[in-house]
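The structure under discussion appears below in the form of structure tokens.
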Amino acid sequence: MKVIILAGGFGTRLSEYTDSIPKPMVPIGGKPILHHIMQFYAKFSHKDFYVALGYKGDVIKKYYNKIHTDWKINLVDTGENSMTGGRVKRMQEYIGNETFMLTYGDGLSNININDLLAFHKKHGKMVTISAVRPPARFGSLKLKESEVLSFKEKSQLSESWINGGFFVINPSFFKLIENDQTVLEKEPLERAVEMKELAAFRHEGFWQCMDHKMDKDLLDEMCKSGKEPWLK
């Protein structure tokens, strides 16, 4: 199955790196996080990639022109200023009338792709979104006036779910995207909810995005210690 990876954003919250390279090329354990994402999908035998390029896309092109894998890597210019939905829409000519997978170029997980696909086929809806538990960035306190009732250092925010970024999507979804300025997470997915065509696959395991330097440092440390849950 074809895999679209969104790799065209500006990555402004990692500006110490992204002034010179696009966010998906920020290195984790010596390799771009984009490469780790591809390795993750390849583990499940999905090796047909469509990378949506934008900001500093030439950096990604130069990197993948120099390395050799058994993956099929299609690098597609989707406009420097396109929004996430617009980038997906521009991939329609490459996807055709096929169900496809979609993810962002800055997140890693040990979600079971085979289970995700089986879930999508079983419920029969247009879109499956992965739902994950967000890791807390700070310790949480439970207070009663000035008295501390509990203290949990960097606990997981277990009462909520967020978009984990690993999608399975039927081609009929393309019609919900208007143009380059459409944000995937707004009108198209909100419309899918209204149509009762969006289902959530709950994943309780490892998930980590790379929004800030502390996230990069955490992922780097996992690589250095040989603990890469997305590849285990």
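The values are calculated or read from the model by the stated rules, or taken from the named source; none is laboratory data. Quick caveat, the model's predicted, so the values are computed rather than measured. Quick reminder, even Gly has a Cβ in these numbers, built from the backbone with ideal geometry, and neighbours come from all protein chains shown.
Look at the stretch 194-203 and say how many of its residues are closer than 15 Å to LEU108 by Cα and either of a type in the set (A, V, I, L, M) or loosely packed, with under 12 Cβ neighbours inside 10 Å (or both).
The qualifying residues number 0.
Specify which of the listed residues (TYR50, TYR55) is farther than 23 Å from LYS224 by Cβ and assigned to a loop (DSSP other than H, G, I, E, B).
The match here is TYR55.
Collect the residues in the stretch 160-192 that are within 24 Å of HIS203 (Cα to Cα), among the acidic types (Asp, Glu) and not in a helix (DSSP H, G or I), keeping them in residue-number order.
Within the stretch 160-192, GLU185 is the sole residue that qualifies.
Looking at LEU75, LEU108, LEU34 in this structure, which one is of a type outside the set (Val, Ile, Thr), surrounded by 15 or more Cβ atoms within 10 Å (Cβ to Cβ), in a strand (DSSP E or B) and in contact (Cβ under 8 Å) with a residue 40 or more places away in the chain?
Result: LEU108 is the single residue among LEU75, LEU108, LEU34 that is of a type outside the set (Val, Ile, Thr), surrounded by 15 or more Cβ atoms within 10 Å (Cβ to Cβ), in a strand (DSSP E or B) and in contact (Cβ under 8 Å) with a residue 40 or more places away in the chain.
Given the structure, is VAL76 modelled with pLDDT of 95 or more, among the β-branched types (Val, Ile, Thr) and out of contact with any Lys or Arg (no Cβ under 9 Å at 6 or more places or on another chain)?
Criteria not met by VAL76.
For the stretch 90-115, which positions are within 19 Å of LEU34 (Cβ to Cβ) and charged (D, E, K, R)?
ARG90, ASP106
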